[in-house]
Amino acid sequence: MSPSMSVKRETINFHELNVQEEIMAAEVHAGLCRQQKSLPPKFFYDKRGSELFDSITNLPEYYPTRVEVGLLRQHMQEMAELLGMNSFLLELGSGSSIKIRLLLEAIRPEVYAPMDISREHLIASANSLAIDYPWLNIHAACVDYSRPWDIPDFGPGRYNAFFPGSSVGNFEPTSALQLLKQVRRLVGSDGGLLIGVDLKKDVSILEKAYNDAQGVTADFNLNMLAHINRSLDADFIRANFAHKAVYNARLGRIEMHLECSKDHSVHINGNVYTFVSGETIHTENSYKYSVDGFHALAAKADFTPARVWVDEEELFSIHYLKAL
């Protein structure tokens, strides 16, 4: 844990929890040794990747952010009543977007703990919030929440978690369940979880959202290679790969891949990985749920649905889950 950081006249507390270069190297090696090569989607999020994702959320094809913000604006009073005033608010996959600002203004939490794997983006976001909300007690945590993790003990009080953007869909169902169980342990028996979940819908809408006309999602996908090059002294060549996103109807998920365009080799930490033209690196899944299907998953983590909000077109949902 690092010492507190001064932010102009305000202060945030910064904690480095479980993000290690050795972990990245091991996970990259394991993924590239599989028959279907894969890389964890958390490696999208260096500073550049986080900036590109912010750009994706403003694209006309990318409905989730627009619809989720609309639901938050429309139902914020009801959400605030369920969350309660002056609680401890934990945000997974934090940012400085309008989403968290709406919540902060509505419930004025005693402590706000943003958590993100992208260190520079997290610090910038926490800086911005500390300046705009001088009354807010911020504990920013650089954390890989796909692995076991914990947060500082803020003392007695009611804990709520906020997990926007349907990021839960990036986890395999078994891993999503483990994450929900981890959140349930953190918020305790009196706590809850406000979570955004993307819904099943027409395939054409889904595939357009992940193959935007401006190519921003392609840049986001390919930027993972630059992140690995920089972090692990690898020698991926971006031009050897192309972005590919398709809907897997059998598994109910969008899949993002990097498709190899020529035979070549990549060197990382003394290891050599061979690629042949046409094969892919699987970089992300985005599972889509029905409302009932997500509630069934949440129940296995000892959460019960207290309220769900869905837009008129049934594109997206926000759930408030109470801990059992």
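State which residue is farthest from Tyr320 (Cα to Cα) when the search covers only the range 141-175 and only residues that are among the aliphatic types (A, V, I, L, M) and not in a loop (DSSP other than H, G, I, E, B).
Ala141
Go through the range 99-120 and give me each residue that's assigned to a helix (DSSP H, G or I) and modelled with pLDDT under 85.
Arg119, Glu120, listed by residue number.
List pairs: first in the range 175-190 and not assigned by TED's automatic domain parsing to the domain that holds Arg158, second at pLDDT 95 or above and not in a helix (DSSP H, G or I), Cβ under 9 Å, 6+ apart or cross-chain?
Taking only residues 6 or more apart or on different chains, not a single pair turns up.
Could you say which residue among Thr274, Thr304, Thr283 is of a type in the set (Ser, Thr, Tyr), assigned to a strand (DSSP E or B) and in the same structural domain as His319 (by TED's automatic domain parsing)?
Thr304
So, in the range 181-218, how many residues would count as being over 19 Å from the mean Cα position of the chain (by Cα), under 22 Å from Glu255 (Cβ atoms) and acidic (Asp, Glu)?
Qualifying residue count, the range 181-218: 3.
Could you please tell me which pairs satisfy a Cβ distance under 7 Å, a separation of 6+ or placement on different chains, a first residue in the range 215-241 that is of a type outside the set (A, V, I, L, M), and a second residue that is surrounded by fewer than 15 Cβ atoms within 10 Å (Cβ to Cβ) and part of a helix (DSSP H, G or I)?
As it stands, the answer is Ser231/Glu21, since those pairs meet every condition given.
Is the range 190-199 home to any residue that is closer than 27 Å to His243 by Cα and assigned to a helix (DSSP H, G or I)?
no
The values are calculated or read from the model by the stated rules, or taken from the named source; none is laboratory data. If you're wondering where the values come from, they're calculated on a predicted model, not measured in any experiment. Glycine gets a Cβ as well: all are built from the backbone with ideal geometry, and neighbour counts include every protein chain shown.
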